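One structure is given here, and the rest of the page talks about it.
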Amino acid sequence: MKKIIFALLAVLLFAAPAQAKRMSDLKIYINPGHGGYDSDDRPITLYPWPSDSTNYWESKSNLYKGLHLYHILDSLGATPYLSRIKNTTADDRSLSGIAAEANRLGVDLFFSIHSNAGEASNYPLMLYRENEIGVPRYPENVTLSHLLWQNLHSNKLPVWTRDEEYISGDLTFYQNMWQGGLGVLRTLYVVGLLSEGGMHEHRPEAYRLMNDDYWWLEAWHFARTIMEYFNTEDRFVTGNVAGIVYDDHNLREMDMPAKFTKYGKDIYAPLNGATVLLTDLAGNTVQKRTTDAQYNGVFVFRNVTPGDYMLKVSKDGYYSEEYPVTVTANEVTYNDAPLNMIRTGNLAVESFSPTPEAGEAVSCASTIDFAFNYDIDTESF
């Protein structure tokens, strides 16, 4: 496996502070929530897939986020553990057994990776264990929750509907729903939390959660959170470039039934099969991505050497675009790529209504509808 490049910056520049650690000192337990393709593993039926394992399952997206985090941490010299490596019913272990394993291993941090319900909104939520309402089991749980929430919310690929930080103890959060808090945290006696990284019932987010680059980027933010929490000497000396390719005018309804809540750029049709190149200033291709066929338009260039680049985006039937981007170590550079559809020939009316017969009266209150050979900006028209 190719190693992610990292450096001991503090050693190079000055003596490391006493509290600083190396990633190689750390043991991290990763629990991808749920497990399998069963009714309690949070499926959502998305267009155009059948209701089977090819569709959206929270258990599947949680697993791939966890696998990416495992490999990132392993490449940085940390010792990661996974509660499961497959998505089968047999891997859906007891929550108390998962917590007991993390306790026995004496890990430095525990993460239970999830996404949340809620169709009309989208935001991260961090939940930590409380001994009683308002009393965290460990104060460090609160610090960790603050850091992870801020890092996940810094992701500019989704449209977040809440910018106010949202963290809570589990007993406080669930006090009007059930007693005892979260099962996976109830008997956990190491520092950790359960992360709801976003709202998978919010359909634009669910489409993004079908994308491997999107899973990787969330895992990368977990890894950066670990570095910040422990003030490690290690930092990523590479950066990343991420964005969404979408039609700059046509709405999602161009490609799919889209009777769900949408905000901001999520109203526009994401483009499948777009080619995205990251080139150096001499025009040499550094990395290449093709947006997947999952109706999300996501691309992420991973582990890029800091410097100045060009982002070149193209798709059949659209005008190509180029954008200058600067990559910074330990950061993500965001650059969406709205594309303008090529429209050849003259605009023409293909049909209209009402179309009364000769002598037939039509109410002045009737709606007049036109169908054109190209998409039309209704307000301008």
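Quick one: which residue in D255, D170, D248 is farther than 22 Å from I28 by Cα and without any contact (Cβ under 8 Å) to a residue 60 or more places away in the chain?
Numbers: D170 fails: farther than 22 Å from I28 by Cα; D248 fails: without any contact (Cβ under 8 Å) to a residue 60 or more places away in the chain.
Result: D255 is the single residue among D255, D170, D248 that is farther than 22 Å from I28 by Cα and without any contact (Cβ under 8 Å) to a residue 60 or more places away in the chain.
Taking the condition of being over 14 Å from R42 (Cα atoms), more than 9 Å from the chain's Cα centre (by Cα) and in a helix (DSSP H, G or I), how many residues in the range 192-218 meet it?
The total comes to 3.
Condition test on T225, is it in a helix (DSSP H, G or I) and crowded, with 16+ Cβ neighbours inside 10 Å?
Numbers: in a helix (DSSP H, G or I): yes; crowded, with 16+ Cβ neighbours inside 10 Å: yes.
Criteria met by T225.
Tell me which of these I72 doesn't satisfy, since it passes every other one: (1) touching a helix residue (DSSP H, G or I) at 6+ places or on another chain (Cβ under 9 Å); (2) modelled with pLDDT under 95; (3) aliphatic (A, V, I, L, M).
Tallying (1) touching a helix residue (DSSP H, G or I) at 6+ places or on another chain (Cβ under 9 Å); (2) modelled with pLDDT under 95; (3) aliphatic (A, V, I, L, M), I72 fails exactly one: (2).
Would you call E322 part of a strand (DSSP E or B), modelled with pLDDT under 95 and either of a type outside the set (A, V, I, L, M, F, W, C) or surrounded by fewer than 18 Cβ atoms within 10 Å (Cβ to Cβ) (or both)? Lay out the reasoning, then the answer.
Details: part of a strand (DSSP E or B): yes; modelled with pLDDT under 95: no; either of a type outside the set (A, V, I, L, M, F, W, C) or surrounded by fewer than 18 Cβ atoms within 10 Å (Cβ to Cβ) (or both): yes.
For E322, the condition - part of a strand (DSSP E or B), modelled with pLDDT under 95 and either of a type outside the set (A, V, I, L, M, F, W, C) or surrounded by fewer than 18 Cβ atoms within 10 Å (Cβ to Cβ) (or both) - is not met.
Residues that are modelled with pLDDT of 95 or more, assigned to a strand (DSSP E or B) and loosely packed, with under 15 Cβ neighbours inside 10 Å: does the range 302-309 have at least one?
Within the range 302-309, the first condition is being modelled with pLDDT of 95 or more, and the residues that meet it are 302-309.
Add one more test, that the residue is assigned to a strand (DSSP E or B), and what stays is 302-304, 307-309.
Now drop any that are not loosely packed, with under 15 Cβ neighbours inside 10 Å, which leaves 307-308.
Checked against the condition, which is being modelled with pLDDT of 95 or more, assigned to a strand (DSSP E or B) and loosely packed, with under 15 Cβ neighbours inside 10 Å, the range 302-309 yields at least one hit.
Please enumerate the residues belonging to the range 1-51 that are of a type in the set (A, V, I, L, M), touching a Ser or Thr at 6+ places or on another chain (Cβ under 6 Å) and at pLDDT 95 or above. Break it down into steps so the answer makes sense when it comes.
Of the range 1-51, the ones of a type in the set (A, V, I, L, M) are 1, 4-5, 7-13, 15-16, 18, 20, 23, 26, 28, 30, 44, 46.
Okay, now just the ones that are also touching a Ser or Thr at 6+ places or on another chain (Cβ under 6 Å), so 4-5, 23.
If the condition is that a residue be of a type in the set (A, V, I, L, M), touching a Ser or Thr at 6+ places or on another chain (Cβ under 6 Å) and at pLDDT 95 or above, then M23 is the only one that fits.
Collect the residues in the range 64-82 that are open to solvent by 10 Å² or more (accessible area, probe 1.4 Å) and not in a strand (DSSP E or B), keeping them in residue-number order.
As a first pass, look at the range 64-82 and keep what is open to solvent by 10 Å² or more (accessible area, probe 1.4 Å): 64, 67-68, 70-71, 74, 77, 79-82.
Selection gives Y64, L67, H68, Y70, H71, D74, G77.
I'd like the full set of residues that are part of a helix (DSSP H, G or I), more than 10 Å from the chain's Cα centre (by Cα) and in contact (Cβ under 8 Å) with a residue 60 or more places away in the chain, limited to the range 141-161.
T143, L144, L147, L148, N151
Can N346 be described as in a loop (DSSP other than H, G, I, E, B) and either over 21 Å from the mean Cα position of the chain (by Cα) or in contact (Cβ under 8 Å) with a residue 12 or more places away in the chain (or both)? Spell out how you get there, then give the answer.
Values: in a loop (DSSP other than H, G, I, E, B): yes; either over 21 Å from the mean Cα position of the chain (by Cα) or in contact (Cβ under 8 Å) with a residue 12 or more places away in the chain (or both): yes.
Answer is yes for this residue.
Hey, does the range 350-358 have a residue that's in contact with a strand residue (DSSP E or B) (Cβ under 7 Å, 6 or more places away or on another chain) and open to solvent by less than 80 Å² (accessible area, probe 1.4 Å)?
yes
When both residues are 6+ apart or on different chains and their Cβ atoms are under 8 Å apart, which pairs have a first residue that lies in the range 278-298 and is exposed (fewer than 13 other Cβ atoms within 10 Å of the Cβ), and a second that is of a type in the set (D, E, K, R)?
Listed pairs, sorted by first residue: L281/D308.
Does G36 fit the bill of being open to solvent by less than 60 Å² (accessible area, probe 1.4 Å), of a type outside the set (S, T, N, Q) and closer than 23 Å to T187 by Cα? Before the answer, list the steps.
Numbers: open to solvent by less than 60 Å² (accessible area, probe 1.4 Å): yes; of a type outside the set (S, T, N, Q): yes; closer than 23 Å to T187 by Cα: no.
When the stated conditions are applied, G36 does not pass them.
With respect to N151, determine if the residue is open to solvent by less than 20 Å² (accessible area, probe 1.4 Å) and modelled with pLDDT of 95 or more. Full working, then the answer.
Numbers: open to solvent by less than 20 Å² (accessible area, probe 1.4 Å): yes; modelled with pLDDT of 95 or more: yes.
Considered against the rule, which asks whether it is open to solvent by less than 20 Å² (accessible area, probe 1.4 Å) and modelled with pLDDT of 95 or more, N151 comes out as yes.
Could we say that G273 is open to solvent by 10 Å² or more (accessible area, probe 1.4 Å) and modelled with pLDDT of 95 or more here? Outline the logic, then answer.
Numbers: open to solvent by 10 Å² or more (accessible area, probe 1.4 Å): yes; modelled with pLDDT of 95 or more: yes.
Spelling it out, G273 is indeed open to solvent by 10 Å² or more (accessible area, probe 1.4 Å) and modelled with pLDDT of 95 or more.
The values are calculated or read from the model by the stated rules, or taken from the named source; none is laboratory data. What you are looking at is a predicted structure, and each value in this text was computed from that prediction instead of being measured. Reconstructed Cβ throughout: ideal geometry from the backbone, glycine too, with neighbour counts over all protein chains shown. Ligands, DNA and RNA are excluded from the accessible area calculation, which covers all protein heavy atoms including side chains. Shrake-Rupley method; radii C 1.70, N 1.55, O 1.52, S 1.80 Å.
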